[in-house]
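Asks: Submitted below is the structure of interest, expressed as structure tokens.
The values are calculated or read from the model by the stated rules, or taken from the named source; none is laboratory data. Keep in mind that this is a model prediction, so the values were computed, not measured. Cβ atoms come from the backbone with ideal geometry, glycine included; neighbour counts cover every protein chain shown. We work out accessible area using only protein heavy atoms, side chains counted, and drop any ligands, DNA or RNA first. Shrake-Rupley method; radii C 1.70, N 1.55, O 1.52, S 1.80 Å.
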Amino acid sequence: MPPADDHRVDVHIDRLLAERGMTLTDLAAEVGITLANLSVLKNGHARAIRFSTLTALCEALDCQPGDLFTVGPAEERQ
């Protein structure tokens, strides 16, 4: 299994919050998770996300999962 930090998933919570005029604190309260856990997710350090949390984030931000996350290009290995 690859190391926990060895992933290419980019999290776009900051952009979505800015577009909606929301703060991370507002989002945490609306979704019902701690600010600390939301920060871990936002910074790309989360090891997993529950579907219920993903659903709540999408509802609060009026978006789809693909708006929250993208997978970056693979680096060429030598």
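Asks: Give the separation of the Cα centroids, the range 40-78 to the range 11-33, in Å.
Replies: 13 Å
Asks: Bin width 5 Å, origin at 0, all Cα-Cα pairs of the range 13-78: what percent of pairs per bin?
Replies: Final binned percentages: 3, 16, 29, 28, 11, 5, 4, 3, 1, 0.
Asks: Over the chain, with the other protein chains present, what is the accessible area per residue in square angstrom, probe 1.4 angstrom?
Replies: 73 Å²
Asks: Follow-up question, since we're still on this one. Please state the relative contact order of the chain as a whole percent: Cα pairs under 8 Å, 6+ residues apart?
Replies: 48 percent
Asks: Per residue of the chain, what 222 nm ellipticity follows from adding -39500 (n - 2.57) for every DSSP H run with n ≥ 4, rounded to the nearest 500?
Replies: Helix-only estimate at 222 nm: -13000 deg cm²/dmol.
Asks: Taking GluC sites (Glu not before Pro) that fall in a DSSP loop and have at most 10 other Cβ atoms within 10 Å as cut points, what is the longest piece of the chain between them?
Replies: 1-74
Asks: What translational diffusion coefficient, in µm²/s and rounded to a whole number, does the Stokes-Einstein relation yield for the range 3-45 at 4 °C and a viscosity of 1.567 mPa s, taking the hydrodynamic radius as the Kirkwood radius over Cα pairs?
Replies: 117 µm²/s
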